[in-house]
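Colleague: My questions will all concern the structure given below.
The values are calculated or read from the model by the stated rules, or taken from the named source; none is laboratory data. Computed from a predicted structure; not experimentally measured. Using ideal geometry, Cβ is built from the backbone for each residue, glycine included, and neighbour counts are taken over all protein chains shown. These area figures cover heavy atoms from the full protein model, side chains too; ligands, DNA and RNA do not enter into them. Shrake-Rupley method; radii C 1.70, N 1.55, O 1.52, S 1.80 Å.
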Amino acid sequence: MNHILKIENLHVSVGDKPILRGVNLTIKHGETHALMGPNGSGKSTLGLAIMGHPGYTVTEGSITLDGEDVLAMAPDERARTGIFMAFQRPMAIPGVKMADFLRHATTNVRNPDRKEGEELIPMREFRKELKEKMAHLRMDVEFARRYVNDGFSGGEMKRAEILQLAMLQPKFAVLDETDSGLDADAVRLASESIADIGREKMGLLIITHHDKLLVHNPPEFTHVMLGGRLVETGGKELAVELHEHGYDRIRKSYPEAEAANQEMLAEETAV
Amino acid sequence: MATDVTENDQIGEINKYNFRTETTGVFKAQKGLTAEVVNQISDIKNEPDWMREFRLKSLAEFESRPMPKWGGALDLDFQDIYYYLKPTGQSEKSWDDVPQEIKDTFDKLGIPEAEKKFLAGVKAQFESEVVYGSLQEDLAKQGVLFTDTDTAVREHPELLREYFGKVIPPTDNKFAALNSAVWSGGSFIYVPPGVQIEFPLQAYFRINAESMGQFERTLIIVDEGASIHYVEGCTAPMYTTESLHSAVVEVIVKKDARCRYTTIQNWANNIYNLVTKRAYAYQDATMEWVDGNLGSKLTMKYPAVHMMEPGARGEILSIAFSSAGQHQDAGAKLVHAAPNTTGQIISKSISKNGGRSSYRGLVRVEPGAHNSKNNVVCDALILDPESRSDTYPYIEIAEQDVQIGHEASVSRIGEEQMFYLLSRGLTESEASTMIVNGFIEPLVKELPMEYAVEMNRLIQLQMEGSVG
Ligand SMILES: Nc1ncnc2c1ncn2[C@@H]1O[C@H](COP(=O)(O)OP(=O)(O)OP(=O)(O)O)[C@@H](O)[C@H]1O
Ligand SMILES: [Mg+2]
C-alpha cells in the first residue's frame, strides 16, 4: 500500500484570523513525522484542518489523500477514508458508553459504505477485539462501560484516544500531544502501544513537546512550525536538538515567522 | 376540534398519525358531556349507586371549574368529544384499516405481532391469557389483586370504597373531575402486606382489560412492607381516534412499602394528554415515578408524591421529548408533609424541530416537616434554534431546618462534541442521536431492559426522522 497524504500551501483561518500561512507537508504510508514548535504556532490547527473541524476555514491550498480531495469531505467521511486525529483535548460525551461509541465508530470506519441504521459489527466479535486491545493498553475492562471522556483523568483521556487509534486502524493519524498529561510509565506504555499498533501500517504525524513518544517511534522527519508555517524539516536529530535546546535558534533564524507567531499570541491575549 | 390531517405538520416524524377512522359497530354515547351521558356510562357498566353518585358529583365539579390558565394552550371543545366508547369485547376495526406507516413503525420497533394489534386498537384486549395465565395464577396465590378498575368496582367494593378518589378527589383539578365523571378502564392492583413482586408488572399482563381508554383510572395499593414495579404504556405510537386523553392514577404506598411506577408514552400528534398522577407514601415508604413522554399535541403531567409520614421517600424521574407542533408541559410535585422525608426530582427534556418542553415543578415543605431533604435537577437539551425550553420551579418552604437543592441547565448540542463524534466516523444524525441518548441515559438505565432498548431505538427513529 502506498497511500499518500499531501498538504499543499495550506492557509487556515479561524474567523478572520489567519493561523496557517502556507503549510506544505507530504506523509507517506509507513512514515512517522514529528511536528514540533512553540505554543500557539499552529500545530493543533493543522491537525484540526486535516480532520475537517468546521471552525477552521481553509482559505487557500489543498489536502489530498491518494489524489482525492480531502477538503471536499465532511469530517465523518474523512474518518471513513482513513484519517484519524487523537485530540489534545478530547470532548466528554456524557451518558454515552465507551463501548457503544467505539462499536459504532469501528463499524462505520470499517464499512465506509454502511447505510445509517444497518447492522453494527457483531457484538461478540467486537467485544473480543476491544478486550484484547484494552488488555494491551493495560486498561481495565470496566473502562469500556464508562461514559466517553466523562470524568476521565488526563492520562485516561489520552489512553482512550490511543485505544480508538488501535480500534480504527486509520491510514493516517495525527497524534496531538498524546503524551502530555501522562506520567513517565504511562508515556512509555503509550509510546510502546503506538509502535505496537503498527506505525509501519499507517502514516503518523506526532505533535509533541517531549521526545518520549518518539523513543519508540523514531521519526523519519521532524518539522518545526512557527507562525503558521513549517520553517524547518530535518531527521530525528532535529527533534532531539529542539527538545534539548528549545526554539531560540529557530526563532532567530526565521524572524518573519517569529513575528507572525508573536502576533498570533498577542491577539490571543487580547481576546 | 382540529383533528384533521395536517400533512405539512410532521413529515418524517414518528408522530404523524393525525387521522380519523370511523369506528363501526362500537357503541357510542352521544357527543358532549351531560348528566345523561354519565348516567348512561354507569348503566352500561352496571355500577353500584355510590359510583354513579361519585360520577355525577364529579361532573358538577367539572362544570363549575374554569379551564386552567397555566400550562399549555388548551384548545378544547368539550361538547365535541365522545366520552365513552363501549368496547364490544371484540373490536370491529380491522388490521387492514391500520395505516401502513403505523405498521412500519411497529416493525421498526420490533413489536411482537399480538401486541401490534392491541396497540393499534384492533384488539380490544391483548391476548394475554395464554402467555400470562400462569403469572396470573402465581399472583393470585400470593393474594395480589390485578384487574381492570371496572371489574374491581364490581368485585372488590370494600377496597374501592375505601381508596378510590381519596388520593386525587374530583375537586383536585378540572381534569381530575372530568376523569372522575367519565372514567373507564385502567388498572387496579392490591399487593398484600409483605408481598414482594419480583418482576415488573405490566399493563399487558392484565386480562379481561378494556382497551386503553381515554379516561383511564388506575388505583394501586401497596400494603405494608410490600413492593411492586408497575409498568404501563409502550414506546410504540398510540393509535387512537380520540383526541382528549385524561387519566388519573392514584397510588397508596403504606409503611415500609415500595412502589415504582414506570410510564412510557408516545402519543399521536393530535392528542391532548392531561394526566393527574399522585401517590401517598407513608412511614419509611418509597414511591418512585419514572415517566417518559413523547409525542402528543400537549401533555400536561406532573406526577406527585406526598410524603405523609416520617421517613417517606419520593423520587420522580421524568423525560420529555418534544418535536414540531408538540408541547410537553411535564414536571413533578413533591410534598413533604412529615419530618425526615426525602425527595428527589430529576427531569430531562429534549426539544427538536420547534418543539417546546417545559419543566413545571413544585416542592413544598409543610409546617412540621423538619429535617426534610429535597433535591431537584432539571436539564434541558435544545437541538435547534426553533425549539424551546422553559423552567417553572415553585418552591414553598414552611420550615427552617431543611435541605433544598435546585440545579437547572439548558444546553445545546455542542459543536465540539459533534465534531468529536464525526471525526470517529459517525454521521451527523448518528452523532446527535448518540448525544441525545447519552443525555437521557441516567433515566433510561432505570427502565426495565426491554423498555430501555425500545426507548433508545425510538429516540433514534425520532432523530433520523426515518419513519413515515
Ligand atoms: N478556535 C480558535 N479560536 C480562536 N483562536 C484559535 C482557535 N484555535 C486556534 N487559535 C489560535 O491559533 C493559534 C494557533 O493555535 P494552535 O492551537 O494551533 O497552536 P499549537 O501550536 O497547537 O499550540 P500548543 O503547543 O499550545 O498546543 C493560537 O494563537 C490560537 O490562539
Ligand atoms: Mg496544540
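Colleague: Residues that are away from ligand 2 (no atom under 16 Å from the Cβ), at least 3 per element: which strands (runs of 3 or more DSSP E) completely within region A:18-136 meet that?
Modeller: Correct list: A:57-65.
Colleague: Any residue in region A:64-78 that is more than 9 Å from every other protein chain (Cβ to nearest Cβ), within 16 Å of ligand 1 (Cβ to nearest atom) and touching a strand residue (DSSP E or B) at 6+ places or on another chain (Cβ under 8 Å)?
Modeller: Checking region A:64-78: not a single residue is more than 9 Å from every other protein chain (Cβ to nearest Cβ), within 16 Å of ligand 1 (Cβ to nearest atom) and touching a strand residue (DSSP E or B) at 6+ places or on another chain (Cβ under 8 Å).
Colleague: Take B:HIS306 and decide whether it is open to solvent by 20 Å² or more (accessible area, probe 1.4 Å), outside the structural domain of B:TYR272 (by TED's automatic domain parsing) and in contact with a strand residue (DSSP E or B) (Cβ under 8 Å, 6 or more places away or on another chain).
Modeller: Yes.
Colleague: For region B:353-386, which residues satisfy the criterion of being among the hydrophobic types (A, V, I, L, M, F, W, C) and either free of Cβ contacts under 8 Å to residues at least 12 places away in the same chain or outside any strand (DSSP E or B) (or both)? Even if it seems obvious, please write down each step before you answer.
Modeller: Within region B:353-386, the first condition is being among the hydrophobic types (A, V, I, L, M, F, W, C), and the residues that meet it are B:362-363, B:365, B:369, B:376-378, B:380-383.
The answer is B:ALA369, B:LEU383.
Colleague: Continuing with the same structure: Any residue that is of a type in the set (S, T, N, Q), under 14 Å from A:MET36 (Cα atoms) and either surrounded by fewer than 19 Cβ atoms within 10 Å (Cβ to Cβ) or within 16 Å of ligand 1 (Cβ to nearest atom) (or both) - is there at least one of those in region A:157-174?
Modeller: no
Colleague: Which of the residues that make up region B:270-289 are over 16 Å from the mean Cα position of the chain (by Cα) and modelled with pLDDT of 95 or more? It would help to see each step written out before you state the result.
Modeller: First pass over region B:270-289, keeping only residues over 16 Å from the mean Cα position of the chain (by Cα): B:270, B:280-286.
Listed by number, the residues that qualify are B:TYR280, B:ALA281, B:TYR282, B:GLN283, B:ASP284, B:ALA285, B:THR286.
Colleague: Moving to a separate point now. Just one of B:SER409, B:SER389 is assigned to a strand (DSSP E or B) and within 14 Å of chain A (Cβ to nearest Cβ); which is it?
Modeller: B:SER409
Colleague: Now for a separate question. Could you tell me how many of the residues in region A:8-18 are near ligand 1 (Cβ under 8 Å from one of its atoms) and aliphatic (A, V, I, L, M)?
Modeller: So the answer is 1.
Colleague: Still on this structure: Identify, please: which residue in region A:148-193 is within 13 Å of chain B (Cβ to nearest Cβ) and of a type in the set (Val, Ile, Thr) and is, among those, nearest to ligand 2 (Cβ to nearest atom)?
Modeller: Per the stated criteria, the residue is A:VAL174.
Colleague: Also, I was wondering about something else. Exactly one of these conditions fails for A:ARG21: (1) within 16 Å of ligand 1 (Cβ to nearest atom); (2) over 18 Å from the mean Cα position of the chain (by Cα); (3) farther than 16 Å from A:GLY227 by Cα. Give me its number.
Modeller: Every listed condition holds for A:ARG21 apart from (3).
Colleague: Restricting attention to region A:175-206, which residues are among the small types (Gly, Ala, Ser) and within 16 Å of ligand 1 (Cβ to nearest atom)?
Modeller: The initial filter retains those residues of region A:175-206 that are among the small types (Gly, Ala, Ser), namely A:180-181, A:184, A:186, A:190-191, A:193, A:195, A:198, A:203.
Within region A:175-206, A:SER180, A:GLY181 meet the criteria.
Colleague: Still on this structure: Which residues, counting only those in region B:167-204, are farther than 26 Å from B:ILE44 by Cα, of a type outside the set (S, T, N, Q) and modelled with pLDDT under 85?
Modeller: Within region B:167-204, B:GLU198, B:PHE199, B:PRO200, B:LEU201 qualify.
Colleague: Now for a separate question. If we keep just the residues of region B:422-436 that are outside any loop (DSSP other than H, G, I, E, B) and within 7 Å of chain A (Cβ to nearest Cβ), which is farthest from A:LYS171 (Cα to Cα)?
Modeller: Filtering region B:422-436 down to residues outside any loop (DSSP other than H, G, I, E, B) leaves B:422, B:428-436.
Checking the rest, the ones that are also within 7 Å of chain A (Cβ to nearest Cβ) come to B:422, B:429-430, B:434-435.
Details: B:LEU422: 17, B:SER429: 25, B:GLU430: 23, B:MET434: 26, B:ILE435: 27 Å.
The extreme case among them is B:ILE435.
Colleague: To continue, here is another question. Among what's in region A:97-120 and is open to solvent by less than 10 Å² (accessible area, probe 1.4 Å) and not polar (S, T, N, Q), pick the residue that is farthest from the other protein chains (Cβ to nearest Cβ). Steps first, answer last, please.
Modeller: Looking only at region A:97-120, we keep the residues that are open to solvent by less than 10 Å² (accessible area, probe 1.4 Å), and these are A:98, A:101-102, A:105-108.
Checking the rest, the ones that are also not polar (S, T, N, Q) come to A:98, A:101-102, A:105.
Values: A:MET98: 11, A:PHE101: 7, A:LEU102: 8, A:ALA105: 4 Å.
For region A:97-120, the residue satisfying everything is A:MET98.
Colleague: Please state which one of B:ILE395, B:ILE345, B:ILE350, B:ILE404 is more than 14 Å from chain A (Cβ to nearest Cβ), surrounded by 22 or more Cβ atoms within 10 Å (Cβ to Cβ), in a strand (DSSP E or B) and not acidic (Asp, Glu). Write out each step before concluding.
Modeller: Details: B:ILE395 fails: surrounded by 22 or more Cβ atoms within 10 Å (Cβ to Cβ); B:ILE350 fails: more than 14 Å from chain A (Cβ to nearest Cβ); B:ILE404 fails: surrounded by 22 or more Cβ atoms within 10 Å (Cβ to Cβ).
Being more than 14 Å from chain A (Cβ to nearest Cβ), surrounded by 22 or more Cβ atoms within 10 Å (Cβ to Cβ), in a strand (DSSP E or B) and not acidic (Asp, Glu) holds for just one of B:ILE395, B:ILE345, B:ILE350, B:ILE404, which is B:ILE345.
Colleague: Now for a different question. Quick one: how many residues across region A:28-56 are more than 9 Å from ligand 1 (Cβ to nearest atom), away from chain B (no Cβ under 14 Å) and open to solvent by 10 Å² or more (accessible area, probe 1.4 Å)?
Modeller: Residues meeting the conditions: 4.
Colleague: Then there's this: Any idea which of B:LEU383, B:LEU458 is more than 11 Å from chain A (Cβ to nearest Cβ), out of contact with any strand residue (DSSP E or B) (no Cβ under 6 Å at 6 or more places or on another chain) and open to solvent by 30 Å² or more (accessible area, probe 1.4 Å)?
Modeller: On the way: B:LEU458 fails: open to solvent by 30 Å² or more (accessible area, probe 1.4 Å).
Answer to the check: B:LEU383.
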